[in-house]
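Asker: Have a look at the structure that comes next, please.
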Amino acid sequence: MTQQPVDTVAGNSRQREVSFDTYHGTVALSIDLVKKLFCKDATDLEAYTFIRVCQAQGLNPFLREAYLVKYQKGEPASIIIGKETYTQRAERHPEFAYWKAGIVVQRDDQVLYPEGASPLPRDLLLGGWAEVKRRDKEEPFRTEVSLKEYDTGRSTWKKLPATMIRKVALVQGLREAFPGDLAGLGDRPAVPDQEGAWVEGTGGVIDLDAAEEGEAIVVPPAGASSTPALAETSLEQLPLPPTVHARSHLEAVLADRGWDIARLQSEVLRMPLDRYLQTHSADEAYQRWRAELGEPE
């Protein structure tokens with residue numbers, strides 16, 4: 001049988017909508033819709049990965065909570081998580097107290113930490129800082145980042161370096177303060193390779209230049225050796241990821257295999273999922289489910 005082109009999915013799966021809940025309502029996405037509205041040059045695999053990241057994290061791309069960006073055909077696409085997604089989720093947390101952020105500058109012979117992103121003309125910009133306070137912690141979380149580690153020297157970084165490095169520091173601070181709610185945002189998604197194994201997206205460097213704000217996740221480019229031939233594959237036939245990182249991700253994987261939470265509770269966990277998650281992670285529930293199914297490691 002002749003091998004089909006890479007990075008394509010069977011036609012019926014390209015039109016199939018995946019619906020999921022977000023804080024701002026239900027979102028329905030299909031591969032064709034993602035390519036039509038958000039990134040016309042994305043491959044089927046890149047569009048599919050974007051849908052699953054949005055589903056797992058409850059992101060609404062219509063409200064600019066997530067972007068799929070591709071600079072040139074043949075280059076990797078990037079999934080961008082908007083900075084406001086981090087701040088809004090943190091501020092909805094019951095233990096959130098406050099956040100503030102600024103820049104690190106050298107002014108004459110002093111290193112200063114002004115709030116905001118407005119250095120004086122004579123200042124040498126060194127980096128950014130953020131402070132995030134939780135109500136249940138005595139001390140705030142403090143983060144500092146170096147400009148040299150993130151400055152690409154291009155586009156927005158070239159025009160607004162103080163604004164960009166402040167955003168980097170703020171995002172990192174929010175993720176450290178609220179790991180259960182924000183740690184998964186911006187992590188590199190796994191994609192299936194030619195042998196059916198799951199590998200992390202290539203690259204994974206933080207690149208806020210991509211959409212002027214947010215955190216970039218690089219997805220394998222079209223035709224790369226790490227992308228599978230999916231022309232005869234439906235979404236349900238894609239191999240299982242090795243891990244899940246949240247309850248919403250677990251629910252999405254179960255749904256793809258015709259399961260739901262009720263069946264997981266009665267046939268695998270033998271207790272309510274909410275009670276199980278008080279002492280275990282969503283990934284532990286997922287691994288028990290895989291073991292019950294006899295899925296290969």
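Asker: Kindly flag which residue pairs out of Lys36/Lys70; Lys100/Lys137; Lys100/Lys167; Lys35/Lys159; Lys35/Lys83; Lys36/Lys167 have an alpha-carbon separation exceeding 20 Å in this structure.
Answerer: Values: Lys36/Lys70 13 Å; Lys100/Lys137 16 Å; Lys100/Lys167 11 Å; Lys35/Lys159 30 Å; Lys35/Lys83 23 Å; Lys36/Lys167 30 Å.
Pairs exceeding 20 Å: Lys35/Lys159; Lys35/Lys83; Lys36/Lys167.
Asker: Can you work out ³J(HN,Hα) from phi for every residue in region 115-126, in order, using Karplus 6.51 cos²θ - 1.76 cosθ + 1.60 and θ = phi - 60°, giving whole Hz and x for Gly and Pro?
Answerer: So the Karplus estimates, Gly and Pro as x, are 7, x, 9, 10, x, 6, x, 8, 6, 9, 6, 10 Hz.
Asker: How charged is the neighbourhood of Glu138? Take every other residue with its Cβ under 15 Å from the Cβ of Glu138, and add Lys/Arg as +1 and Asp/Glu as -1. Don't skip to the answer; put the middle values down first.
Answerer: Values: positive: Lys133, Arg134, Arg135, Lys137, Arg142; negative: Glu95, Glu131, Asp136, Glu139.
After counting each charged neighbour, the total is +1.
Asker: If you don't mind, there's one more thing I want to ask. For Ile79, Ile103, what ranking results if the residue with the fewest other Cβ atoms within 10 Å of its Cβ goes first? Intermediate results must be reported in sequence, preceding the final value.
Answerer: On the way: Ile79 28, Ile103 25.
Final ranking by Cβ density, sparse to dense: Ile103, Ile79.
Asker: Next question, about the same structure. Put +1 on the Cβ of every Lys and Arg and -1 on every Asp and Glu Cβ in region 94-176; which of Thr156, Thr143, Leu170 then has its Cα farthest towards the positive end of the dipole?
Answerer: After comparing all options, I get Thr156.
Asker: Further question on the same structure: Work out, step by step, the length gained on full extension between Lys137 and Ser266: first 0.36 nm times the residue separation, then minus their alpha carbon distance; give nm to one decimal. Each step should come with its number before you reach the end.
Answerer: Numbers: separation 129, 0.36 × 129 = 46.44 nm, distance 3.74 nm.
Here the segment from Lys137 to Ser266 would lengthen by 42.7 nm.
Asker: Also: Listing Met164, Met271 from the residue with the fewest other Cβ atoms within 10 Å to the one with the most, what is the order? Don't skip to the end; give the middle numbers.
Answerer: Working: Met164 23, Met271 10.
By the 10 Å Cβ count, ascending: Met271, Met164.
Asker: On to the next question. Give me Tyr150, Tyr86 ranked fewest to most by other Cβ atoms within 10 Å of their Cβ, as a rough exposure proxy.
Answerer: Tyr150, Tyr86
Asker: Per-residue HN-Hα couplings for region 158-173, Karplus 6.51 cos²θ - 1.76 cosθ + 1.60 at θ = phi - 60°, whole Hz, x for Gly and Pro?
Answerer: Whole-Hz 3J(HN,Hα) from phi for region 158-173: 6, 7, 10, x, 5, 4, 5, 6, 5, 5, 4, 4, 5, 4, 5, x.
A short reminder: the numbers here are calculations on the coordinates, not readings from a lab. Predicted model only: the values in this text are computed from it and were never measured. FYI the Cβ positions are ideal-geometry reconstructions off the backbone, even for glycines, and counts take in every protein chain you see.
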